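Structure first, commentary second.
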Amino acid sequence: MISTAIRVARVGSAAELAAAALMILGYPTLMLAALVPSVPAFAAATAVTYLADHFLHRKGSYLINRLSKVRAGLSIRFLIRQLLLILLLARLSLSDDLVFYGATACFIAFYGLQAPHGALVTLIRNRRRMPVATRNVDLASRIRIPDAPPQVLLNRSAEKMLHLDLAAVVGILVSAALDSALAGFIGICVTLVLGSLYVAALLPYVRGRQTPPTPEKVLDAVDDWLREYRPETVLYFSGSKDSAYQVNMWLETMEQLDSKPLIILRERVILQNLAPSTVPVICVPGGVHLMNMDLSTVRVALYAANVGKNIHLLRVPTMKHVFIGHGDSDKLASVNPFSKVYDEVWTAGRAGRDRYAIADVGVRDEDIVEVGRPQLAPIQTWQGVPEGPRGGAADGRCPTVLYAPTWEGWDDNPGNTSILLAGESIVKKLVKADPPVRVLYKPHPFTGTVSARAKAAHQRITALVAKAAAQRGADPRFTTDAAAQAEAKADLVRIEARIAELVGKGGEKGDEAEATRDGLVDVKKHEEIARLRAEWNDAYWRSFPTWEHRVVTGAEPRLYDCFNVSDAMVSDISSVVSDFIASGKPYAVTDSAELGVEEFKRQNTAVRAAVILSNSAAELGELLGAVRDPAADPLAADRTELKQYLLGPDEPTSIEQFNTAVANLAIKAETRNVGQESRAATGAAEAAEAEAELANAVPAPGAAPAGEADGLTA
């Protein structure tokens, strides 16, 4: 019942639900205490409402946002509490007492301070919101961007300001209890003085040198930097907060380009979730600002997603536009008809080209270029399950099987994900396999965001893995090297502390303007962080037994790290399957829509070398057999052939293919631009010549007609 209430109220935990209930019940209790009247009861209810309100704000509870929608927002709740305090004084027959008039005047004056406070906070935030935000772009040498105001002044400012009434409320309650006005007036003075000081503390940041430059100056500085840097290849991206991974996967590729790279983002939330990179980044939320930006040196624009805002850059004819996507799979999204708008579409291998030909969505074959997948370089190829002890399993071998299902999608198609119909069967069979295997469960980040059924299934699968891990930990067949794991955990703590020190050095930036000013990456620090993350990944896998089942969520360890420690994978139709094929390891794909093996393989290229699972997962034995005895694996040759078909050849490397494609397209763009300039110059010359001929043919005003001057006219 509690879980149902949590879901209905949309709070994150039982503690939030309890705090919400206490806060909501606190106000009727305040009214009853005021009417009775009872100072102790009123004081107790006041404390509850203050604490519950503060707790919910600190948790960022959804309920707090909903209350403001039904006219029970933060200011109203404080005002009601203050009015009920006035009522309490009246019921205590103190309406003719000075403390009554003082309390009334105090709360009126206190609310009078709210207007300038709110106006100043809003003005400061608006002025410090840059028309563009940047990383790795040197604007500090071109414009002056002052330090951000102390975050204590702006962070949750309305809540802080309103809570200053606490001194007055406590003082008035003490006066009511002791029948002495002194405590009340002390509290009133403290509240009004603190409120006035808060407003005064904000004033310096709305005038003089504390204000950032105007948007026009910022945009001019960005254009100056662009003319100096002269970017040649742009990665353009727009999307929601949860889609940041789609641009993050291309950062390392952009760092390895032979041409000068630039990343253009359209949403501030994407910039906030962008992984560290040495590539210059410009976030331009305004379409007009982007269209007026000087990108005259850019010759190639890369697009990782098909979104409406792409039109703001697609309109520029001086650069060639390429759809590179954010994965390579047989999903319908991989053959979106929108792709016709690009000059070229780059796919990993021949499969992508054939996919567009079969879909017949208007993308011409000559506009498709195979460039491989540069992101797959970290994926290690399979050498078979290693011999020797792997954490103490009885037979010395405990293969790892990764279950990495995709999410439910937007259309509720049962074929999107195996979680709904097959997930529990897959996990149950894997954790009960004999000889035993280790299960890693890494769900898609979007899992459960659309479908409540998918979220519930994910939670059940997580519980299954946790239960199986606990049971295996108690099984005497599996031993643990406690010393090695303790050492690994110590390494994790050390590495995490060092990473936190490097990432946090200099403190968090106060706001967008300050982050833009100080956003130049320290290359040495960036390289050290990359090395430490690799060490962290190694220590993470050593920190628990290799036979221990595990649920892996969050950004670390990454999906490819899970690939490298796994001996096989079970997944769904998605780019995960295409990526895993790079390892050469056995894999299985679930036919959740129950199309049948032949039809499923016909429709989905990436499963042609896979074990096809029904929703019962009865075929898992074939996958486990291939893992335990690679020599008897019937699909090994098929996987090798399919790998080249999907991902292209191993040589030249994918990044070399990618750089070649960028260079070739840049030449096409330059050729087009030179041709346009030549035609424009020829047209201008012809126009000038025609104008000159016309001028010679028409006599000047007042001149005698031809022949008349020579006396030849009759």
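Every number here is computed from the coordinates shown, using simple stated rules; none is lab data. Quantities reported herein were computed from a predicted structural model and do not represent experimental measurements. Positions of Cβ are backbone-derived with ideal geometry, glycine not excepted, and every protein chain shown enters the neighbour counts.
Could you tell me how far the Cα centroid of region 419-467 sits from the Cα centroid of region 111-172, in Å?
So the separation of the two Cα centres works out to 45 Å.
Would you kindly state how much longer the chain becomes between residue 159 and residue 622 on full extension, computed as 0.36 nm times their sequence separation minus their alpha carbon distance, in nm to one decimal?
Residue separation times 0.36 nm, minus the Cα-Cα distance, leaves 160.6 nm.
Quick one: Cα centre-to-centre distance for region 10-57 and region 507-578, in angstrom?
43
Binned at 5 Å from 0, what are the whole-percent values of the Cα-Cα distance distribution for region 75-174, short to long?
Binned Cα distances yield the sequence 2, 10, 18, 16, 13, 10, 8, 7, 6, 4, 3, 2, 1, 0.
For a bin width of 10 Å, list the pair-distance distribution of the chain built from all Cα-Cα distances, rounded to whole %.
Whole-percent P(r) values from 0 Å outward: 2, 11, 17, 18, 17, 14, 9, 5, 3, 1, 1, 0, 0, 0.
In region 41-112, which trypsin sites (Lys or Arg not before Pro) fall in coil by DSSP and have 10 or fewer other Cβ atoms within 10 Å?
Sites meeting the loop and neighbour criteria: 71.
If you plug each phi of region 579-589 into the Karplus form 6.51 cos²θ - 1.76 cosθ + 1.60 with θ = phi - 60°, what whole-Hz ³J(HN,Hα) values come out, in order, with x for Gly and Pro?
Values, residue by residue: 5, 5, 4, 4, 7, x, 7, x, 8, 10, 10 Hz.
Output wanted: per-residue J couplings in Hz (rounded whole) for region 363-378, from phi through Karplus 6.51 cos²θ - 1.76 cosθ + 1.60, θ = phi - 60°, x for Gly and Pro.
With coefficients 6.51, -1.76 and 1.60, one gets 8, 6, 4, 5, 9, 9, 10, 8, 10, x, 10, x, 5, 7, 4, x Hz.
What does the extension gain come out to for residue 297 and residue 535, with contour length at 0.36 nm per residue minus their alpha carbon separation?
Roughly 81.7 nm would be gained on extension.
Translational diffusion coefficient, Stokes-Einstein: compute it for region 230-376 using the Kirkwood radius over C-alpha pairs as Rh, at 37 °C and 0.692 mPa s, and state it as an integer in µm² s⁻¹.
After rounding, the answer is 211 µm²/s.
Among 80, 682, 648, which residue has its Cα furthest toward the positive end of the charge dipole of the chain, with +1 on Lys/Arg Cβ and -1 on Asp/Glu Cβ?
Result: 80.
Could you tell me what % of all Cα pairs in region 481-539 have separations over 16 Å?
54
Which ³J(HN,Hα) values in Hz, rounded to whole numbers, follow from the phi angles of region 404-421 under the Karplus curve 6.51 cos²θ - 1.76 cosθ + 1.60, where θ = phi - 60° and Gly and Pro get x?
Using θ = phi - 60°, the values come out as 10, x, 8, 8, 7, x, 8, 9, 6, 6, x, x, 5, 9, 7, 4, 5, 10 Hz.
Give the long-range amide H neighbours of residue 347: residues separated by 5 or more places, or on another chain, with amide H under 5 Å away, using H modelled in the peptide plane at 1.01 Å from N.
Those lying under 5 Å, H to H, from residue 347 are 369, 370, 371.
Which FRET efficiency value, to the nearest 0.05, do you get for residue 129 and residue 656 by plugging their Cβ-Cβ distance into 1/(1 + (r/R0)^6) with R0 = 35 Å?
That pair, residue 129 with residue 656, gives E of 0.25.
Note the full-extension length gain between residue 83 and residue 357 as 0.36 nm times their separation in residues minus their Cα-Cα distance, in nm to one decimal.
In short, 91.5 nm is gained.
Give a quick list of GluC sites (Glu not before Pro) in region 493-590 that DSSP marks as loop, anything other than H, G, I, E or B, with at most 13 other Cβ atoms within 10 Å.
508
Using DSSP, restrict attention to beta bridges with both residues in the chain and report what percent are antiparallel, rounded to the nearest 5.
The antiparallel proportion sits near 10 percent.
Counting pairs of alpha carbon atoms under 8 Å apart in space and at least six apart in sequence, what relative contact order in percent does the chain give?
13
Under a plain spin-label model, where a point goes 7 Å from the Cα along Cα-to-Cβ, how far apart in nm are residue 483 and residue 306?
5.9
Whose amide H sits under 5 Å from the amide H of residue 320, counting only residues 5 or more places off or on another chain, with H placed in the peptide plane?
Amide H neighbours of residue 320: 300, 301.
Taking amide H positions as placed in the peptide plane 1.01 Å from N, state which residues far from residue 402 in sequence (5 or more) or on other chains have amide H under 5 Å from it.
Amide H to amide H, under 5 Å and 5 or more residues apart or across chains, residue 402 pairs with 440, 567, 568, 569, 570.
Counting other C-beta atoms within 10 Å, which of 162, 25, 402, 694 has the fewest, and how do the rest follow?
Arranged by neighbour count, lowest to highest, 162, 25, 402, 694 become 694, 25, 162, 402.
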